[in-house]
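Below is the structure I would like to discuss, written out as structure tokens.
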Amino acid sequence: DFSKAMSQAGTSQFQEVIRQELEYSMKVELDKILATAPSNELEHTKKDLEGFKKLFHRFLQEKGPSVDWGKIQRPPEDSIQPYEKIKARGLPDNIASVLNKLVVVKLNGGLGTSMGCKGPKSLIGVRNENTFLDLTVQQIEHLNKSYNTDVPLVLMNSFNTDDDTKKILQKYSHSRVKIYTFNQSRYPRINKETLLPIAKDVSYSGENTECWYPPGHGDIYASFYNSGLLDNLIGEGKEYIFVSNIDNLGATVDLYILNHLMNPPNGKRCEFVMEVTNKTRADVKGGTLTQYENKLRLVEIAQVPKAHVDEFKSVSKFKIFNTNNLWIALSAIKRLQEKNAIDMEIIVNPKTLDGGLNVIQLETAVGAAIKSFENSLGINVPRSRFLPVKTTSDLLLVMSNLYSLNAGSLTMSEKREFPTVPLVKLGSSFTKVQDYLRRFESIPDMLELDHLTVSGDVTFGKNVSLKGTVIIIANHGDRIDIPAGALLENKIVSGNLRILDH
């Protein structure tokens, strides 16, 4: 046993030496990069690289999945409140003064590349020519007009989206919404083999665009604080932020949740509230809230040991998942940021660049910080508050008559007889937004649809109605044109169907 202990000690000593060498090599490379920064970017670049260095240090320290599966417990009953209970309290007469303490923050760092679009995802048209950003501004403007309040909108951009977003913001200069922006950090991608940055200097245009990445939305705490905007908003008397993804069209300001935060029934305010909703089979990979070492903790699939992944995905054991709609106290962010006390697990995201080089990027997720805040709470909200548009299949749902649009908010049509949305799977011919739009002369009537699968070269004429389960499969080399005015109810269409004008 003595020799075993000695060899283990030797191994860990050896690993420690390797770690120190890697950190030293990284520091040398980062210093070289910093030396290329122009004087007006020096301070900003320095902060970014310092943040990256901390993340890299933790990455080298951590081993394997970051949770001990044996310690994971179901959260206590009272730590996840049903939304109905919070709504039942009603609203106070002074709801306007409560609203004036709120700031809406949208995560706007993503590009529309997965849907074949260039530029910020928030500028994709989703409904009646309105973009995600248009709808967000309309919602907040409606709130400010209705209650005579001053709720500002803050956009967290990335270096990928900042320029395009700022150009567009000019069009809202006369709207009744103050709009602020700040940028998330810019971190260097790491060569998977050498664990050194692939960037040689600070530039991020041209051939250097692939050298850098925005490090996930967990970066919001440091970037918000470093931008000075956090202090300004606290100075203006703001107390809470409502954070959500800009592509989640269900994430509107909820007055009942805000009232619960500002006027808690037990007199003790929550610093962090996460909206969760019930899992369906489509959500098995979503992060879930658990009890871990007596704290609420968000566990993501990437942190789960391989042997327990199926258990993690089970709808019976973990019934809810994180919508990424979060309500966080500004004063708590400031306190924790100044103490360097926000602890988020590292997500290692492997990528292959266009030239074939394998890189990794180190990221964090905003909801993972829940365990660092005091008196955190989950609220189990209706599914309607989670309406993300990640694919053209999602886009089809929100463009259809399943929803009506009112003051920037989408609500499920009262004519829909059941509250769940249909399951829609559009094949690869529909992946890009421009291809998708070309294949629909008008969006079909989907009020009575349960399930739609479309594969291959398929187009839809005007005023098509889809009901029940509809499966349309054009085999390779075949083409299917669904004629104008067609009604498909519980149908499978396959083979070749061409309707020719004559």
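The values are calculated or read from the model by the stated rules, or taken from the named source; none is laboratory data. Predicted model, so just to flag it, every value in this text is computed and none were measured. Cβ coordinates were reconstructed from backbone atoms using ideal geometry, including for glycine residues, and neighbour counts include every protein chain displayed. Surface accessibility is based on the protein's heavy atoms, side chains included, excluding ligands, DNA and RNA. Shrake-Rupley method; radii C 1.70, N 1.55, O 1.52, S 1.80 Å.
Just flag the GluC sites (Glu not before Pro) in the stretch 49-139 sitting in loop per DSSP whose Cβ has no more than 10 other Cβ atoms within 10 Å. Spell out each step's value before the answer.
Working: sites: E50, E62, E77, E84, E129; in loops: E62, E129.
Answer by residue number: E129.
Note down the relative contact order for the stretch 310-428 as a percent, whole number, built from C-alpha pairs under 8 angstrom at least six residues apart. Numbers along the way, then the final one.
Numbers: 80 pairs, mean separation 18.4, N = 119.
Averaging sequence separation for qualifying contacts and normalising by length gives 15 percent for the stretch 310-428.
Let me ask something additional. How big, in percent, is the set of alpha carbon pairs in the stretch 337-496 lying more than 21 Å apart?
Numbers: 7649 of 12720 pairs.
Of all Cα-Cα distances in the stretch 337-496, 60 percent exceed 21 Å.
Okay, next question. So how exposed is E236, as accessible area in Å² (1.4 Å probe, rounded to 10)?
Rounded to the nearest 10, that gives 100 Å².
With contacts defined as alpha carbon pairs under 8 Å and 6 or more residues apart, what's the relative contact order of the stretch 420-492 in percent? Write out the running numbers ahead of the final one.
Details: 158 pairs, mean separation 21.0, N = 73.
Value for the stretch 420-492: 29 percent.
Enter the accessible area of K178 (Å², nearest 10), with the probe set to 1.4 Å and all protein chains included.
100 Å²
State in Å² the accessible area per residue of the stretch 392-494; use a 1.4 Å probe, count heavy atoms of protein chains only, and round to the nearest integer.
Details: 5110 Å² over 103 residues.
With all protein chains present, the stretch 392-494 gives 50 Å² per residue.
A further question on this structure: Below 20 Å, Cα to Cα, which aspartates and glutamates can K238 reach? Residues fewer than 8 away in the same chain don't count.
D93, E141, D150, D254, E271, E338, E374
Would you please classify the overall shape of the stretch 12-68 from the alpha carbon gyration tensor, given that a ≥ b ≥ c denote the square roots of the eigenvalues, rounded means a/c under 1.5, and beyond that prolate means a/b larger than b/c while oblate covers the rest? Don't jump to the answer; show the numbers that get you there.
Details: a/c = 5.24, a/b = 1.90, b/c = 2.76.
Taking the square roots of the gyration eigenvalues as a ≥ b ≥ c, the stretch 12-68 is oblate.
Can you list residues from other chains, or at least 5 along the same chain, whose modelled amide H is less than 5 Å from the amide H of L402?
Long-range HN contacts for L402: M446.
Once you wrap a convex hull around the alpha carbon atoms of the stretch 207-296, what is its projected area averaged over all directions, in nm²?
Its Cα hull, projected and averaged over all orientations, spans 10.1 nm².
For the chain, what proportion of DSSP beta bridges, expressed in % and rounded to the nearest 5, is antiparallel? Walk me through the intermediate numbers first.
On the way: 36 of 83 bridges.
Here the antiparallel bridges make up roughly 45 percent for the chain.
Can you find, among L22, N148, G90, the residue sitting farthest towards the positive end of the charge dipole of the chain, where Lys and Arg contribute +1 and Asp and Glu -1 at Cβ?
G90
Work out the FRET efficiency for K85 and T11 from their Cβ-Cβ distance, taking R0 = 56 Å, and round it to the nearest 0.05. Walk me through the intermediate numbers first.
Details: r = 53 Å, r/R0 = 0.95.
Efficiency computed from Cβ-Cβ geometry: 0.60.
What is the distance in Å between the Cα centroid of the stretch 258-337 and that of the stretch 391-443?
28 Å
Hey, another quick one. For the stretch 69-385, just say rounded, prolate or oblate: build the C-alpha gyration tensor, square-root its eigenvalues into a ≥ b ≥ c, call rounded for a/c under 1.5, and beyond that prolate if a/b exceeds b/c, oblate if not. Numbers along the way, then the final one.
Working: a/c = 1.63, a/b = 1.13, b/c = 1.44.
Oblate, since a/c reaches 1.5 and b/c is not below a/b.
Also, I was wondering about something else. Starting from the amide H of V493, placed 1.01 Å from N in the peptide plane, find each other amide H under 5 Å away whose residue is 5 or more places distant or on another chain.
Answer set, sorted by chain and number: I471, I472, I473.
May I have the pair-distance distribution P(r) for the stretch 119-211, computed from all Cα-Cα distances with 5 Å bins from 0 and rounded to whole percent?
Values per bin, smallest distances first: 2, 12, 17, 18, 15, 11, 9, 7, 6, 3, 1, 0.
What shape does the stretch 242-285 take by its C-alpha gyration tensor, where a ≥ b ≥ c are the square roots of the eigenvalues and a/c under 1.5 counts as rounded, a/b above b/c as prolate, and the rest as oblate?
Values: a/c = 2.79, a/b = 1.79, b/c = 1.56.
Since a/c reaches 1.5 and a/b is larger than b/c, the shape of the stretch 242-285 is classed as prolate.
Based on DSSP H runs of at least 4 residues, each adding -39500 (n - 2.57), what is the mean residue ellipticity at 222 nm of the chain after dividing by all its residues, to the nearest 500 deg cm²/dmol?
Numbers: 13 runs with 143 residues, N = 502.
Counting only the DSSP helices, I get -8500 deg cm²/dmol.
Convert each backbone phi in the stretch 463-480 into a coupling constant with the Karplus relation 6.51 cos²θ - 1.76 cosθ + 1.60 (shift: θ = phi - 60°), then list the ³J(HN,Hα) values in order as whole Hz, x for Gly and Pro.
3J(HN,Hα) across the stretch 463-480, in whole Hz: 6, 7, 10, 10, 9, x, 10, 10, 10, 10, 10, 9, 5, 4, x, 8, 9, 10.
If you wrap the stretch 151-289's Cα atoms in a convex hull and average its projection over all directions, what's the area in nm²?
Numbers: hull surface 51.2 nm².
So the Cα hull casts an average projection of 12.8 nm².
Can you tell which of Q138, P422, G461 lies farthest toward the positive end of the dipole of the chain, using +1 and -1 charges on the Cβ of basic and acidic side chains (Lys, Arg; Asp, Glu)?
P422
Over the chain, with every protein chain in place, what whole percent of the accessible area is carbon and sulfur at 1.4 Å, could you tell me? Before the final figure, lay out the partial values.
Working: 12230 of 24360 Å².
Its accessible area is 50 percent carbon and sulfur atoms.
Starting from the Cα coordinates of the stretch 297-338, work out the convex hull volume and express it per residue in Å³. It would help to have the intermediate numbers written out before the result.
Values: hull volume 4.1 nm³, N = 42.
Taking only Cα atoms, the stretch 297-338 has a hull volume of 98 Å³ per residue.
If you don't mind, there's one more thing I want to ask. List the relative contact order of the chain as a percent without decimals, with contacts defined as Cα pairs under 8 Å and 6+ residues apart. It would help to have the intermediate numbers written out before the result.
Details: 922 pairs, mean separation 76.5, N = 502.
After rounding, I find 15 percent.
Something else about it: For the stretch 69-385, report the accessible area per residue in Å² (1.4 Å probe, heavy atoms, rounded to an integer). Show your work: numbers first, answer last.
Numbers: 13410 Å² over 317 residues.
Dividing the accessible area of the stretch 69-385 by its residue count gives 42 Å².
Which of the residue pairs K268/K371; K85/K268; K53/K371; K334/K371; K467/K491; K313/K351 have a Cα-Cα distance greater than 19 Å in the structure shown? The partial results should precede the final answer.
Working: K268/K371 17 Å; K85/K268 17 Å; K53/K371 23 Å; K334/K371 16 Å; K467/K491 9 Å; K313/K351 24 Å.
Pairs exceeding 19 Å: K53/K371; K313/K351.
Can you tell me what share of the DSSP beta bridges in the stretch 369-502 is antiparallel? A percent to the nearest 5 is fine. Mind showing how you got there, number by number?
Numbers: 4 of 28 bridges.
Close to 15 percent.
If you place +1 on the Cβ of every Lys and Arg and -1 on the Cβ of every Asp and Glu, how big does the dipole about the Cα centre of the chain come out, in debye to the nearest 20? Display every interim value, and only then the final one.
On the way: 61 positive and 59 negative charges, 125 e Å.
That gives the chain a dipole magnitude of about 600 debye.
I'd like the distance between the alpha-carbon centres of the stretch 467-493 and the stretch 104-134, rounded to an integer number of Å.
A separation of 30 Å, based on Cα centres.
Next question, about the same structure. Report M399's accessible area, 1.4 Å probe, all protein chains in place, as a number in Å² to the nearest 10.
Rounded to the nearest 10, the figure is 50 Å².
With all pairs of different alpha carbon atoms counted, what Kirkwood hydrodynamic radius in Å does the stretch 129-182 show? Walk me through the numbers before you get to the answer.
On the way: mean 1/r = 0.0855 Å⁻¹.
Value: 11.7 Å, from the Cα pair sum.
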